[in-house]
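**Q** Before we start, here is the structure in question, set down as C-alpha coordinates.
The values are calculated or read from the model by the stated rules, or taken from the named source; none is laboratory data. None of the values given here were measured: they were computed from a predicted structure. Cβ placement follows ideal geometry from the backbone for every residue including glycine, while neighbour counts extend to all protein chains displayed. With ligands, DNA and RNA removed, areas are computed over all heavy atoms of the protein, side chains included. Shrake-Rupley method; radii C 1.70, N 1.55, O 1.52, S 1.80 Å.
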Amino acid sequence: GNSVTQMEGPVTLSEEAFLTINCTYTATGYPSLFWYVQYPGEGLQLLLKATKADDKGSNKGFEATYRKETTSFHLEKGSVQVSDSAVYFCALRINFNKFYFGSGTKLNVKP
Amino acid sequence: EADIYQTPRYLVIGTGKKITLECSQTMGHDKMYWYQQDPGMELHLIHYSYGVNSTEKGDLSSESTVSRIRTEHFPLTLESARPSHTSQYLCASSELVGTGEGYTFGSGTRLTVV
(Lines give C-alpha, C1' and ligand atoms only; values in the text may rest on other atoms or scores of the structure.)
Protein backbone atom coordinates (compact mmCIF):
# COMPACT_ATOMS: atom_id res chain seq x y z
CA GLY A 1 0.00 0.00 0.00
CA ASN A 2 0.88 3.69 0.13
CA SER A 3 1.99 5.35 3.35
CA VAL A 4 4.25 8.01 4.81
CA THR A 5 6.21 7.77 8.05
CA GLN A 6 7.83 10.81 9.59
CA MET A 7 9.73 11.31 12.80
CA GLU A 8 7.75 12.02 15.91
CA GLY A 9 7.95 15.37 17.55
CA PRO A 10 8.12 17.73 19.06
CA VAL A 11 11.53 18.77 17.81
CA THR A 12 12.99 21.61 19.87
CA LEU A 13 15.95 23.60 18.53
CA SER A 14 17.71 26.82 19.29
CA GLU A 15 17.70 29.58 16.69
CA GLU A 16 20.32 29.07 13.94
CA ALA A 17 20.53 25.32 14.59
CA PHE A 18 20.47 22.77 11.76
CA LEU A 19 17.15 21.04 11.15
CA THR A 20 16.43 17.57 9.83
CA ILE A 21 12.97 16.02 9.85
CA ASN A 22 13.01 12.46 8.57
CA CYS A 23 10.39 11.15 6.16
CA THR A 24 10.19 7.74 4.52
CA TYR A 25 7.48 6.35 2.29
CA THR A 26 6.08 3.22 0.73
CA ALA A 27 4.33 3.48 -2.62
CA THR A 28 2.88 1.10 -5.17
CA GLY A 29 3.96 3.25 -8.12
CA TYR A 30 5.96 6.41 -8.80
CA PRO A 31 4.86 9.09 -6.38
CA SER A 32 5.39 12.81 -6.20
CA LEU A 33 6.59 13.91 -2.77
CA PHE A 34 5.69 17.03 -0.82
CA TRP A 35 6.37 18.90 2.39
CA TYR A 36 3.60 21.04 3.84
CA VAL A 37 3.84 23.46 6.76
CA GLN A 38 1.04 24.42 9.16
CA TYR A 39 1.46 27.54 11.26
CA PRO A 40 -0.64 27.87 14.43
CA GLY A 41 -4.32 28.40 13.68
CA GLU A 42 -3.86 28.05 9.95
CA GLY A 43 -4.37 25.52 7.19
CA LEU A 44 -1.53 23.70 5.45
CA GLN A 45 0.72 25.49 2.97
CA LEU A 46 2.84 23.79 0.34
CA LEU A 47 6.49 24.24 1.30
CA LEU A 48 8.26 22.28 -1.44
CA LYS A 49 7.85 19.32 -3.74
CA ALA A 50 9.74 16.84 -5.94
CA THR A 51 8.16 14.86 -8.73
CA LYS A 52 10.81 12.28 -9.61
CA ALA A 53 13.84 10.51 -8.20
CA ASP A 54 16.90 12.68 -7.42
CA ASP A 55 14.88 15.89 -7.72
CA LYS A 56 15.56 18.44 -5.01
CA GLY A 57 12.74 20.66 -3.83
CA SER A 58 13.65 23.93 -2.12
CA ASN A 59 11.89 26.96 -0.70
CA LYS A 60 12.57 29.54 2.04
CA GLY A 61 15.89 27.87 2.91
CA PHE A 62 14.32 24.42 3.28
CA GLU A 63 15.44 21.55 1.07
CA ALA A 64 14.48 17.93 0.49
CA THR A 65 15.83 15.41 -2.02
CA TYR A 66 13.73 12.59 -3.48
CA ARG A 67 15.77 9.43 -2.74
CA LYS A 68 14.25 6.45 -4.47
CA GLU A 69 16.92 4.01 -3.27
CA THR A 70 16.14 4.76 0.38
CA THR A 71 12.48 5.75 -0.19
CA SER A 72 13.11 8.96 1.72
CA PHE A 73 12.40 12.68 1.47
CA HIS A 74 14.04 14.23 4.52
CA LEU A 75 13.48 17.94 5.18
CA GLU A 76 16.54 20.06 6.04
CA LYS A 77 17.34 23.66 6.82
CA GLY A 78 20.75 24.98 7.66
CA SER A 79 19.74 27.67 10.14
CA VAL A 80 16.26 27.74 11.66
CA GLN A 81 14.49 30.85 12.90
CA VAL A 82 11.83 31.32 15.56
CA SER A 83 9.37 32.03 12.73
CA ASP A 84 9.91 28.45 11.44
CA SER A 85 8.04 27.08 14.48
CA ALA A 86 5.16 25.12 13.00
CA VAL A 87 3.97 21.61 12.21
CA TYR A 88 5.54 19.97 9.15
CA PHE A 89 3.79 17.26 7.12
CA CYS A 90 5.41 14.95 4.60
CA ALA A 91 3.07 13.65 1.89
CA LEU A 92 2.97 11.63 -1.28
CA ARG A 93 0.64 11.64 -4.26
CA ILE A 94 0.46 8.76 -6.69
CA ASN A 95 -1.25 8.52 -10.08
CA PHE A 96 -4.19 10.91 -10.01
CA ASN A 97 -5.24 9.85 -6.58
CA LYS A 98 -5.49 11.49 -3.24
CA PHE A 99 -2.61 12.45 -0.98
CA TYR A 100 -1.18 10.33 1.80
CA PHE A 101 0.02 12.46 4.70
CA GLY A 102 2.42 11.65 7.50
CA SER A 103 1.33 12.29 11.04
CA GLY A 104 3.09 15.64 11.29
CA THR A 105 6.17 16.81 13.21
CA LYS A 106 5.95 19.83 15.47
CA LEU A 107 9.00 22.10 15.44
CA ASN A 108 9.67 24.53 18.26
CA VAL A 109 12.49 27.02 17.73
CA LYS A 110 13.67 28.92 20.80
CA PRO A 111 15.42 32.29 20.63
CA GLU B 1 -6.39 36.34 -6.48
CA ALA B 2 -7.05 32.62 -6.71
CA ASP B 3 -7.63 31.10 -3.33
CA ILE B 4 -9.72 28.76 -1.18
CA TYR B 5 -11.95 30.12 1.56
CA GLN B 6 -13.48 28.47 4.57
CA THR B 7 -16.14 29.97 6.81
CA PRO B 8 -16.57 30.29 9.67
CA ARG B 9 -13.02 30.19 11.11
CA TYR B 10 -14.33 29.33 14.57
CA LEU B 11 -17.70 27.92 15.61
CA VAL B 12 -19.05 26.97 19.03
CA ILE B 13 -22.40 25.27 18.88
CA GLY B 14 -24.70 23.25 21.09
CA THR B 15 -25.33 19.53 20.83
CA GLY B 16 -28.05 18.56 18.38
CA LYS B 17 -27.74 21.61 16.16
CA LYS B 18 -27.41 21.36 12.40
CA ILE B 19 -24.34 23.07 10.97
CA THR B 20 -22.84 23.67 7.55
CA LEU B 21 -19.17 24.44 7.05
CA GLU B 22 -18.54 26.39 3.89
CA CYS B 23 -15.67 25.93 1.45
CA SER B 24 -15.22 27.83 -1.80
CA GLN B 25 -12.34 28.04 -4.25
CA THR B 26 -11.69 30.41 -7.13
CA MET B 27 -9.07 28.34 -8.96
CA GLY B 28 -11.43 26.24 -11.06
CA HIS B 29 -10.09 23.05 -9.47
CA ASP B 30 -12.08 19.92 -10.14
CA LYS B 31 -11.02 17.97 -7.05
CA MET B 32 -11.99 19.05 -3.57
CA TYR B 33 -11.43 17.39 -0.19
CA TRP B 34 -12.43 17.61 3.44
CA TYR B 35 -10.00 16.58 6.15
CA GLN B 36 -10.59 16.25 9.87
CA GLN B 37 -7.55 17.08 11.95
CA ASP B 38 -7.38 15.63 15.44
CA PRO B 39 -5.60 17.27 18.42
CA GLY B 40 -2.56 15.11 17.68
CA MET B 41 -2.38 16.93 14.31
CA GLU B 42 -2.97 13.85 12.15
CA LEU B 43 -5.10 14.46 9.06
CA HIS B 44 -7.98 12.15 8.19
CA LEU B 45 -9.70 12.32 4.80
CA ILE B 46 -13.47 12.26 5.35
CA HIS B 47 -14.90 13.30 1.94
CA TYR B 48 -13.73 14.14 -1.55
CA SER B 49 -15.15 15.07 -4.91
CA TYR B 50 -13.88 14.75 -8.48
CA GLY B 51 -16.25 17.37 -9.82
CA VAL B 52 -19.85 18.53 -9.96
CA ASN B 53 -22.29 15.91 -8.65
CA SER B 54 -19.41 13.66 -7.56
CA THR B 55 -18.93 12.90 -3.86
CA GLU B 56 -17.05 10.04 -2.21
CA LYS B 57 -16.41 8.99 1.35
CA GLY B 58 -12.84 9.13 2.56
CA ASP B 59 -10.74 6.92 4.77
CA LEU B 60 -12.31 7.97 8.07
CA SER B 61 -15.96 7.26 8.63
CA SER B 62 -17.83 10.48 9.32
CA GLU B 63 -21.42 11.35 10.17
CA SER B 64 -21.12 14.44 8.00
CA THR B 65 -22.37 14.77 4.43
CA VAL B 66 -21.18 16.86 1.50
CA SER B 67 -22.55 18.16 -1.78
CA ARG B 68 -20.99 19.47 -4.98
CA ILE B 69 -23.56 21.37 -6.99
CA ARG B 70 -21.08 23.95 -8.30
CA THR B 71 -17.41 23.48 -9.13
CA GLU B 72 -16.30 26.18 -6.72
CA HIS B 73 -18.39 25.16 -3.72
CA PHE B 74 -18.05 22.08 -1.46
CA PRO B 75 -20.01 22.50 1.79
CA LEU B 76 -19.93 19.99 4.64
CA THR B 77 -23.03 19.44 6.78
CA LEU B 78 -23.58 17.86 10.19
CA GLU B 79 -27.29 17.19 10.74
CA SER B 80 -26.95 16.84 14.51
CA ALA B 81 -23.71 18.00 16.09
CA ARG B 82 -22.23 16.05 19.00
CA PRO B 83 -19.21 16.74 21.24
CA SER B 84 -17.30 13.98 19.39
CA HIS B 85 -17.46 16.20 16.28
CA THR B 86 -15.26 18.78 17.98
CA SER B 87 -12.23 19.13 15.71
CA GLN B 88 -10.47 21.23 13.11
CA TYR B 89 -11.90 20.76 9.58
CA LEU B 90 -9.69 21.57 6.60
CA CYS B 91 -10.89 21.95 3.02
CA ALA B 92 -8.50 21.53 0.07
CA SER B 93 -8.60 21.50 -3.71
CA SER B 94 -6.39 20.35 -6.57
CA GLU B 95 -6.39 20.02 -10.32
CA LEU B 96 -7.87 16.83 -11.72
CA VAL B 97 -4.82 15.64 -13.60
CA GLY B 98 -1.13 15.62 -12.84
CA THR B 99 0.58 14.08 -9.85
CA GLY B 100 3.04 16.94 -9.55
CA GLU B 101 0.58 19.43 -8.21
CA GLY B 102 -0.07 19.88 -4.54
CA TYR B 103 -3.24 20.58 -2.70
CA THR B 104 -4.26 24.13 -1.86
CA PHE B 105 -5.72 24.28 1.64
CA GLY B 106 -8.13 26.68 3.26
CA SER B 107 -7.41 28.15 6.69
CA GLY B 108 -9.70 25.70 8.41
CA THR B 109 -12.78 25.78 10.63
CA ARG B 110 -12.30 24.99 14.28
CA LEU B 111 -15.56 23.46 15.52
CA THR B 112 -16.42 23.06 19.18
CA VAL B 113 -19.63 21.27 20.13
CA VAL B 114 -20.71 21.81 23.73
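**Q** Taking the stated definitions as given, is A:Lys49 touching a Phe, Trp or Tyr at 6+ places or on another chain (Cβ under 7 Å) and farther than 20 Å from B:Trp34 by Cα?
**A** Here the answer is yes, as A:Lys49 does meet what is asked.
**Q** May I ask you to list the residues in the range B:58-108 that are among the β-branched types (Val, Ile, Thr) and in contact with a Gly (Cβ under 8 Å, 6 or more places away or on another chain)?
**A** Result: B:Thr71, single match.
**Q** Mind counting the residues in the range B:43-70 that are more than 9 Å from chain A (Cβ to nearest Cβ), outside any loop (DSSP other than H, G, I, E, B) and out of contact with any Leu (no Cβ under 6 Å at 6 or more places or on another chain)?
**A** Number of matching residues: 6.
**Q** When you check B:His73 against the structure, is it more than 14 Å from chain A (Cβ to nearest Cβ), surrounded by fewer than 18 Cβ atoms within 10 Å (Cβ to Cβ) and either of a type in the set (Phe, Trp, Tyr) or under 13 Å from B:Thr20 (Cα atoms) (or both), yes or no?
**A** yes
**Q** Do we find that B:Glu101 is facing another protein chain (nearest Cβ under 9 Å) and part of a loop (DSSP other than H, G, I, E, B) in this structure?
**A** yes
**Q** I'd like to check something: does the range B:5-18 contain any residue that is surrounded by 15 or more Cβ atoms within 10 Å (Cβ to Cβ) and over 13 Å from the mean Cα position of the chain (by Cα)?
**A** yes
**Q** With respect to B:Leu45, is the statement that it is touching a residue at least 40 places away in the same chain (Cβ under 8 Å), buried (at least 20 other Cβ atoms within 10 Å of the Cβ) and of a type in the set (A, V, I, L, M, F, W, C) true?
**A** Here the answer is no, as B:Leu45 does not meet what is asked.
**Q** Identify, please: which residue in the range B:80-98 is at the interface with another protein chain (Cβ under 8 Å from one of its Cβ atoms) and open to solvent by 40 Å² or more (accessible area, probe 1.4 Å) and is, among those, modelled with the highest pLDDT?
**A** B:Leu96
**Q** Checking the structure you have, find out if any residue of the range B:34-42 is without any contact (Cβ under 8 Å) to a residue 24 or more places away in the chain, open to solvent by less than 60 Å² (accessible area, probe 1.4 Å) and within 13 Å of another protein chain (Cβ to nearest Cβ).
**A** Yes, the range B:34-42 has at least one match.
**Q** Considering only residues of the range B:105-114 that are open to solvent by 30 Å² or more (accessible area, probe 1.4 Å) and over 12 Å from the mean Cα position of the chain (by Cα), which is farthest from the other protein chains (Cβ to nearest Cβ)?
**A** B:Val114
**Q** Cβ-Cβ under 7 Å, sequence separation 6+ or interchain: first residue in the range B:1-26 and closer than 20 Å to B:Val52 by Cβ and assigned to a strand (DSSP E or B), partner open to solvent by less than 60 Å² (accessible area, probe 1.4 Å) and of a type in the set (Phe, Trp, Tyr). Which pairs?
**A** Once the first residue is closer than 20 Å to B:Val52 by Cβ and assigned to a strand (DSSP E or B) and sits in the range B:1-26, its partners that are open to solvent by less than 60 Å² (accessible area, probe 1.4 Å) and of a type in the set (Phe, Trp, Tyr) give B:Ile4/B:Phe105; B:Leu21/B:Tyr89; B:Cys23/B:Phe74.
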